[in-house]
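Below is one structure, written out as structure tokens, with a few remarks after it.
Computed from the coordinates by the stated procedures, all read-outs in this text should not be read as laboratory data. The model shown is predicted, which means the values in this text are computed figures rather than measured ones. FYI the Cβ positions are ideal-geometry reconstructions off the backbone, even for glycines, and counts take in every protein chain you see.
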Amino acid sequence: MNKKYLFNEQFGFFRQWSNKSYSVFNSIKRVVLIGVLPLTYSLLAMPVATFGQSDTVTVSKNVDINEVVVNANRKASTYSELTRVVRVVSRDELGTLQATSLQEILERVASVDIRQRGVHGVQADINFRGGTFDQTLVLLNGVNISDPQTGHHSMNIPISIESILRIEILQGPGAREFGQGAFAGAINIITEPEKQNNIQPSIFVGNYGLVKTSLSSNFGTERFRTFIATSHDRSDGYIQNTDFASSNIYLHSTLKSRAGKFSLFAGYQDKGFGSNSFYTAKYPNQFEATKSLLGGVEYQKEFNQFKFDFNAYYRMHQDRFELFRNNPAVWYTDHNYHKTDVYGVKPTLQFANNLSKTLLGAELRREEILSNKLGDSLANPIEVWGEDNQFYYKGGSRNMLNFFLSETLYLGNFIVAGGLQYSFNNSFDNILTWGGDVSYLLNQNLRFFSSVNRTFRTPTYTDLYYEGATNIGNPNLNPEFATTYEFGTKYSSKLISAQLAGFYRKGEDIIDWVKGAADTKWRTVNYTDLSTYGVDFSTRFNLEELTPLVKTISVNYSYLTSDTVGGDLDSYYVLDFLKHNLTVNFNHKITNQFSFSWSARYQDRNGQYADVAGVMVDYPSSWLFDTRLTYERGMVKVFVDASNIFDTKYVDIANVQQPGRWLGAGIVLKIGL
């Protein structure tokens, strides 16, 4: 739906993605300059002290723009830069995508490698540019919610698609802005109450007993707004032991006052699922149950050319993993129980003028774990919450204090930016990360950019301590490091937007699970020096004004290759990446009420895996096609989905067979209050 937004005729300066302090754009301290609305947005810089929600902006004109908030301060002397690549998925685009989970959305909109074990949001690993799932940072409203136990749990987020305002996808490293974890990329999921009071029920049903229900509502006054949503998903499973059930509840409230802006978000998820061969094909009858509780508060205050921001957050994650769901082996004595708690505070101060912008801040973060498998021995066992006669016998904690500083200079058509972050960690040596960007505006449509960034990641508790039937951790691991060089160009016009970027990442002491020919278990080591080369290309054609039949066409493609320096050991993770990753999306308008969209994906994965017989096999390449037919009129939206319509057999993870053709239909009502 188009909305009226403010537009400054002199500067054409839009800023949905910087008016929230927790956005990736504002976290990296850029603002977006748009002549048209492109498919792939990028980080931009702003040399003036104007911020979203200002009560003093001057308005010159109204225009129709999809999901764009305008900064129309006539005093702004605005420059722009495109030095990093960020893909933004708006709420309107979420409604047109043929997807029923966050993981499926990410797979369709960008060159991201989503390795699903369980569909419909059950379990997935997110990999950027040949990195592993532990090298991706996940944020919710700017809060780092990545799990310190393992990246396998980072996407256990208590939200449904209906809760999401937009998604920001940062391609490449972000350690100088976010600290450890943003090694190969970052994802920021944004929620926010809508301005209109409404209630929105929805239901989706499909093959294999699939039922997805949700109920959400926006309500309040102009100054105080609240969004609340609840959802429940279940399925009998497409093959044996792939059934699942998941429940979420989520709330986000905002309060605007003379003292500043206050925000609160909180959510809880309870999920259980059959895990057929998820982590080893040797024992396929696995089961996992997880619980996740998270929340955060934020305070913002603007004064003169300064902006102060303070965030505090908490995340708890509890996991029960059963190697045998039933009929356990005689040697199997107990399930795995884990609980992680993460606490953090993050104050920042920003100063901006016409010539430069300065940001400085700090983050104090504490990560704790209780487990019967991971960590050091506890003096006294602690009972597992919600489980009878089960105890945590091990645990650990680590404290991190990060200081960061960034500076951006505006030199005609050039933008030069640099920053650094110094990290104190009581478990590892102190670490300095840094980076620099430069961009040059050649003309109104074409820009060139380049950057170099140093990044790192500390080991997870699984890397350090896990010991199981087929794996053993290493408590002596060190952090892994990489230096990434990136360069590229971007073009945007009314009909076409495109970007081409190349990168080289030199990794050092990369953490990997490896095994020799005579070994019986995979073990973690700082084994590999890994050089990764890649090219990203994306383009979008906005054709709605030219033809009534096609609204948009988008194409995303990436190519990756790598060289390793190590030894003759087999690698479990770092060499399994998508060598070729192609996604093509069409969105057709049939009538005013009917639309049709389809997505085609080609994936060619590098690497091999041992099948159930122990024979090493190559990952098969695959073409996947998904479609959605939608009818929308007034407050009613009805749609029919067909996923993997040609029933292609494929795997994302070794021996975890993905579903074939899956049909479903849904209805969404949006009722004004």
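Multiply the residue gap between Val584 and Arg366 by 0.36 nm, knock off their C-alpha separation, and tell me the result in nm, one decimal place.
Details: separation 218, 0.36 × 218 = 78.48 nm, distance 4.19 nm.
Computed gain between Val584 and Arg366 is 74.3 nm.
Considering the options Thr524, Asn380, Tyr410, tell which one lies farthest towards the positive end of the dipole of the stretch 374-532, charges being +1 on Lys and Arg and -1 on Asp and Glu at the Cβ, about the Cα centre.
Looking along the dipole axis, the top candidate is Tyr410.
Apply the Karplus parameterisation 6.51 cos²θ - 1.76 cosθ + 1.60, with θ equal to phi minus 60°, to every residue of the stretch 654-660 and state each ³J(HN,Hα) to the nearest whole Hz, in sequence, with x for glycine and proline.
3, 6, 9, 5, 7, x, x
Please compute the net charge surrounding Asn241, taking Lys and Arg as +1 and Asp and Glu as -1 over other residues with Cβ under 13 Å from its Cβ. Display every interim value, and only then the final one.
Numbers: positive: Arg117, Arg325; negative: Asp236, Asp243, Glu288, Glu322.
With Lys, Arg at +1 and Asp, Glu at -1, the neighbours total -2.
What does the highest-first list of 340-353, 460-473, 508-521 look like by mean Cβ count within 10 Å?
Final packing ranking: 460-473, 340-353, 508-521.
What value, in deg cm²/dmol to 500, does the helix sum -39500 (n - 2.57) over DSSP H runs of n ≥ 4 give at 222 nm once divided by the residues of the chain? The partial results should precede the final answer.
Numbers: 5 runs with 27 residues, N = 673.
Taken over the chain, the calculation gives -1000 deg cm²/dmol.
Packing-wise, with mean Cβ within 10 Å as the measure, how do 543-551, 592-600 rank, highest first? Numbers along the way, then the final one.
On the way: 543-551: 13.0, 592-600: 16.2.
Those peptides, ordered most packed to least, come out 592-600, 543-551.
How big is the gap, in Å, between the Cα center of the stretch 308-322 and the Cα center of the stretch 331-401?
8 Å
Compute the signed sum of charges (Lys and Arg +1, Asp and Glu -1) over the other residues within less than 15 Å, Cβ to Cβ, of Ile667. Kindly include the intermediate steps, with their values, before the conclusion.
Numbers: positive: Lys212, Arg628, Arg633, Lys637, Lys670; negative: Glu162, Glu632, Asp641.
After counting each charged neighbour, the total is +2.
Report the net charge of residues surrounding Ser497, where surrounding means a beta-carbon distance below 9 angstrom and charges are Lys +1, Arg +1, Asp -1, Glu -1. Mind showing how you got there, number by number?
Values: positive: Lys490, Arg540; negative: none.
Neighbour charge sum, excluding Ser497 itself: +2.
Nearest 0.05, what FRET efficiency do Leu673 and Thr591 give at R0 = 30 Å with Cβ-Cβ as r? Can you show the working numbers first?
Working: r = 29 Å, r/R0 = 0.98.
Efficiency, from the Cβ-Cβ distance: 0.55.
Ordered by residue, what ³J(HN,Hα) values in Hz, to whole numbers, does the stretch 511-526 give under the Karplus form 6.51 cos²θ - 1.76 cosθ + 1.60, where θ = phi - 60° and Gly and Pro are x?
7, 8, 8, 10, 7, x, 4, 9, 7, 9, 10, 6, 9, 8, 8, 7
Determine the alpha carbon to alpha carbon distance for each of Lys212/Lys256; Lys212/Lys271; Lys307/Lys346; Lys256/Lys346; Lys515/Lys579 and list only those over 25 Å.
Details: Lys212/Lys256 34 Å; Lys212/Lys271 13 Å; Lys307/Lys346 14 Å; Lys256/Lys346 20 Å; Lys515/Lys579 23 Å.
Table pairs above 25 Å Cα-Cα are Lys212/Lys256.
So which chymotrypsin sites (Phe, Trp or Tyr not before Pro) in the stretch 600-653 are both in a DSSP loop and have at most 13 other Cβ atoms within 10 Å of their Cβ? Kindly include the intermediate steps, with their values, before the conclusion.
Numbers: sites: Tyr602, Tyr609, Trp623, Phe625, Tyr631, Phe639, Phe646, Tyr650; in loops: Phe646, Tyr650.
Counting only loop positions with at most 13 other Cβ atoms within 10 Å, the chymotrypsin sites (Phe, Trp or Tyr not before Pro) in the stretch 600-653 are Phe646.
Would you please give the residues with an amide H less than 5 Å from that of Ser277, counting only those at least 5 places away or on a separate chain, with H modeled from the backbone geometry?
Correct list: Asn285, Gln286.
Subtracting the Cα-Cα distance from 0.36 nm times the residue separation, let me have the gained length for Ile553 to Gln444 in nm, one decimal. Intermediate results must be reported in sequence, preceding the final value.
Working: separation 109, 0.36 × 109 = 39.24 nm, distance 2.31 nm.
Length gained between Ile553 and Gln444: 36.9 nm.
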